[in-house]
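A short worksheet on the structure shown next.
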Amino acid sequence: MDHITPSSIGLVGGGLASFRAAETLRELGYDGRLLLVGDEPHAPYDRPPLSKDVLVGAVPGARTQLLGQERAAELGIELVLGERVAALDLDCGRLELASGARLDVDRVLLATGGRARTLPVPGADLPGVTGLRTIDDAERLRALLARGGPVVVVGGGFVGLEVAASARALGCEVTVVEAAARLLARVLPPPAAEEVAAAHRASGVRLELGAAVSEVVGDDRVREVVLADGRRLPASCVVVGIGMEPADELARDAGLAVGDGVLTDASATTSHPHVLAAGDVASSPDPWYGGRVRVEQWQSAQTQGVAAAHTMLGREPAAPPVPWFWSDQGDLRLQVAGVPAAGERVVERTGGGRSWFHLDAAGRLVGVVSVQRVKDVRGAMSLIEAGVVVEDDLLADETQDLRRLARSLAKA
Ligand SMILES: Cc1cc2nc3c(=O)[nH]c(=O)nc-3n(C[C@H](O)[C@H](O)[C@H](O)COP(=O)(O)OP(=O)(O)OC[C@H]3O[C@@H](n4cnc5c(N)ncnc54)[C@H](O)[C@@H]3O)c2cc1C
């Protein structure tokens, strides 16, 4: 990207990545025009509470707001809300809105996130069947759960399990239907997945593993979910948590390089030098283990938004942090950092919960998975970052403070 400071920047998508990019651009002293266009009617808000505190009613939806009109005005951010960007005109440097309006910009950030996948079976469009991606989805789902009655959650991934725990906390009967033989199969090693499954069973959630949904049945609303083996599960509400699709159509239509998401380099720049991409929609080089990765997590969305802002102003983005995410499922606190799958062996720590430390062949920590022992995670992240060899005994000893250990090993 050339280093001429842009005079007009368009941020497409009103989520976390755009918000952090906007904030950072101003922090770095950018004083040109700054437009943030989002197709939802709401100013940028945070999604993680939607399946947790917002769903159980512990936090009002309004409290998830990241950027209100007042703060946007202070920062000189023009919020264009409830408007979809329908096309990118790269020759003219223009965003074309579905309403017909055109906005001239000389840099664009694509931070369009993704959409919840829908269930590809008959009856999936019945009233009472919903996904969970937006604050409006969360409010709708909250109203459905308040009616009581059995809830079927399709998909034993993070969002599905968080919803299952919230629905249980609201007193609903809950069944989770998962096609794989275990929960969170793509992201958690078997012992951690087992621990998560045990916690859900203990709280009264019924788990149907290795089960597929063949049909959803109802009349004016959903009544039953039919499984491929013919069993029928009563349902007054069905929550579909089977992942998301990146909203990469703008990039695709504009002729940018797209694979699983919009392809970027390490600086968040796409195949066009004036268009960047960040967050759930972006597929970027994996700084830790090579290849490409499209991450659907809060930490990554916000650090990529910050990195994109640096790049737009001709500055070097900071090195990406050790990957980290959390999932709170009722009382269960799960955190994962680094890349556990890159490890060759595992050391376990127990005591009030469990952590699994994943080590490479040289004895360096490359990933950690923690259930109810989140205090281990920050220290483990420092150890991963330092790339130091750690003795198994120290990792297994629950009295060892890993942060202190990281500091002393780094000095040695
Ligand atoms: C229910 C839920 C719970 C979550 N919990 C956790 C958690 O516990 N831990 C964690 O690490 N991560 C969690 N996440 C993931 C995290 O919230 C996402 O990674 C993050 O929101 C991604 O931010 P983003 O800005 O890339 O995209 P988004 O937040 O999806 O924002 C993109 C926005 O762009 C809009 N848009 C799309 N196309 C257009 C267009 N053409 N024109 C204008 N606007 C457009 C979309 O409607 C959307 O508003 C959760 C996500 C969900 C949905």
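The values are calculated or read from the model by the stated rules, or taken from the named source; none is laboratory data. Bear in mind the structure is a predicted one, so any value in this text is a computation, not a measurement. Don't worry about glycine lacking a Cβ; one is built from the backbone with ideal geometry, like all the others, and counts go over all protein chains shown. The area values use the complete protein model at the heavy-atom level, side chains included, leaving out ligands, DNA and RNA. Shrake-Rupley method; radii C 1.70, N 1.55, O 1.52, S 1.80 Å.
Look at the stretch 98-125: where a residue is at positive phi and a partner is away from the ligand (no atom under 16 Å from the Cβ) and open to solvent by 70 Å² or more (accessible area, probe 1.4 Å), sitting 6+ places away or on another chain with Cβ atoms under 7 Å, you get Gly123/Glu215.
When the stretch 312-356 is filtered for residues that are of a type in the set (Gly, Ala, Ser), in contact with a Phe, Trp or Tyr (Cβ under 9 Å, 6 or more places away or on another chain) and within 16 Å of the ligand (Cβ to nearest atom), the ones remaining, listed by number, are Ser327, Ala337, Gly338.
Condition check ((1) in contact (Cβ under 8 Å) with a residue 24 or more places away in the chain; (2) under 21 Å from Thr270 (Cα atoms); (3) near the ligand (Cβ under 9 Å from one of its atoms)) across all residues:
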site: Thr5; (1), (2), (3): yes, yes, no
site: Arg26; (1), (2), (3): yes, no, no
site: His42; (1), (2), (3): yes, no, yes
site: Thr64; (1), (2), (3): yes, no, no
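What are the residues in the stretch 368-385 that are out of contact with any Phe, Trp or Tyr (no Cβ under 8 Å at 6 or more places or on another chain) and either open to solvent by 50 Å² or more (accessible area, probe 1.4 Å) or over 16 Å from Leu405 (Cβ atoms) (or both), if any? Hits for the stretch 368-385 are Val371, Gln372, Lys375, Arg378, Glu385. Taking first residues from the stretch 326-345 that are under 17 Å from Glu296 (Cα atoms) and partners that are hydroxyl-bearing (Ser, Thr, Tyr) and crowded, with 19+ Cβ neighbours inside 10 Å, the Cβ contacts under 6 Å between residues at least 6 apart in sequence or on separate chains come to Leu334/Ser327; Gln335/Ser370. Could you check, for the stretch 145-159, whether at least one of its residues is at pLDDT below 95 and open to solvent by 50 Å² or more (accessible area, probe 1.4 Å)? Yes, because at least one residue in the stretch 145-159 is at pLDDT below 95 and open to solvent by 50 Å² or more (accessible area, probe 1.4 Å).
Condition check: out of contact with any helix residue (DSSP H, G or I) (no Cβ under 9 Å at 6 or more places or on another chain), farther than 30 Å from Arg84 by Cβ and modelled with pLDDT of 95 or more. Does Leu227 satisfy that? So Leu227 fits the description; yes.
Please enumerate the residues belonging to the stretch 79-107 that are of a type in the set (Asp, Glu), assigned to a strand (DSSP E or B) and surrounded by 14 or more Cβ atoms within 10 Å (Cβ to Cβ). Walk me through how you get there before you give the answer.
Taking the stretch 79-107 first, the residues of a type in the set (Asp, Glu) are 83, 89, 91, 96, 104, 106.
Next cut, assigned to a strand (DSSP E or B) only: 89, 96, 104.
Matches in the stretch 79-107: Glu96, Asp104.
Inspection of the stretch 245-267 identifies at least one residue that is under 30 Å from Thr175 (Cα atoms) and surrounded by fewer than 20 Cβ atoms within 10 Å (Cβ to Cβ).
Looking at Asp91, Asp53, Asp31, can you tell me which residue is free of Cβ contacts under 8 Å to residues at least 24 places away in the same chain, of a type in the set (Asp, Glu) and farther than 29 Å from Arg140 by Cβ? Answer to the selection: Asp91.
With respect to Gly290, determine if the residue is open to solvent by less than 40 Å² (accessible area, probe 1.4 Å), closer than 25 Å to Leu256 by Cβ and either outside any loop (DSSP other than H, G, I, E, B) or away from the ligand (no atom under 12 Å from the Cβ) (or both).
Values: open to solvent by less than 40 Å² (accessible area, probe 1.4 Å): no; closer than 25 Å to Leu256 by Cβ: yes; either outside any loop (DSSP other than H, G, I, E, B) or away from the ligand (no atom under 12 Å from the Cβ) (or both): yes.
So Gly290 fails the test.
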